[in-house]
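The values are calculated or read from the model by the stated rules, or taken from the named source; none is laboratory data. From a predicted model like this one, the values you see are computed outputs, not experimental measurements. Using ideal geometry, Cβ is built from the backbone for each residue, glycine included, and neighbour counts are taken over all protein chains shown. Areas reflect the complete protein model, heavy atoms only, side chains present, ligands, DNA and RNA absent. Shrake-Rupley method; radii C 1.70, N 1.55, O 1.52, S 1.80 Å.
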Amino acid sequence: MNEHFSDIFTETDCPSQDQLMAYVQDKLEPAERHKVEAHLADCEMCSEAVEGLMAIRQKEQIPGWLRQAKWNVLQQLHRKTHRKRKTDFYLYIAVVSLIVIFLALILFWLFHFFNTGR
Ligand SMILES: [Zn+2]
């Protein structure tokens, strides 16, 4: 009976949930990682648990990753529109200055023409 009990014990010698979590998060030492991998190969219960933990991990990761990507895009857009607005402003000033100078030249030319024409 004692032998039978020890048999059951070795059969259910599964890594703890913390160990499986560490395995999923890639935080195990190579030797420990190898042990867990070997165990997962013949323990259906643990490989299912790892799959579940990985799904949870991915679910937790995606929003953060998305948030980061969205933030980067928003920052780039903000920087671009800011820069664009600035160049638009300078372009506006340049165009207005050119129009003013052009109008002044026309007025001067008309004034000069009428003066000499008289
Ligand atoms: Zn197991």
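Could you look at region 2-117 and say what percent of its accessible area is carbon and sulfur, using a 1.4 Å probe and all protein chains?
Values: 6720 of 10470 Å².
About 64 percent, which is the carbon plus sulfur part of the accessible surface.
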Which order do you get for MET21, MET54, MET45 if you rank them by accessible area with a 1.4 Å probe, largest at the top? MET45, MET54, MET21
Heavy-atom SASA rank of ASP88, ASP42 (probe 1.4 Å, accessible area, largest first): ASP42, ASP88
Charge dipole of region 2-117 built from unit charges on the beta carbon (Lys, Arg +1; Asp, Glu -1), centred at mean Cα; most positive-end Cα among HIS112, ILE99, HIS34 is HIS112
How do TYR90, TYR23 stack up against each other in accessible area, from largest to smallest, with a 1.4 angstrom probe? TYR90, TYR23
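Probe of 1.4 angstrom, ligands and nucleic acids ignored: what's the accessible area per residue over region 17-99, in square angstrom?
Roughly 87 Å² per residue, with all protein chains present.
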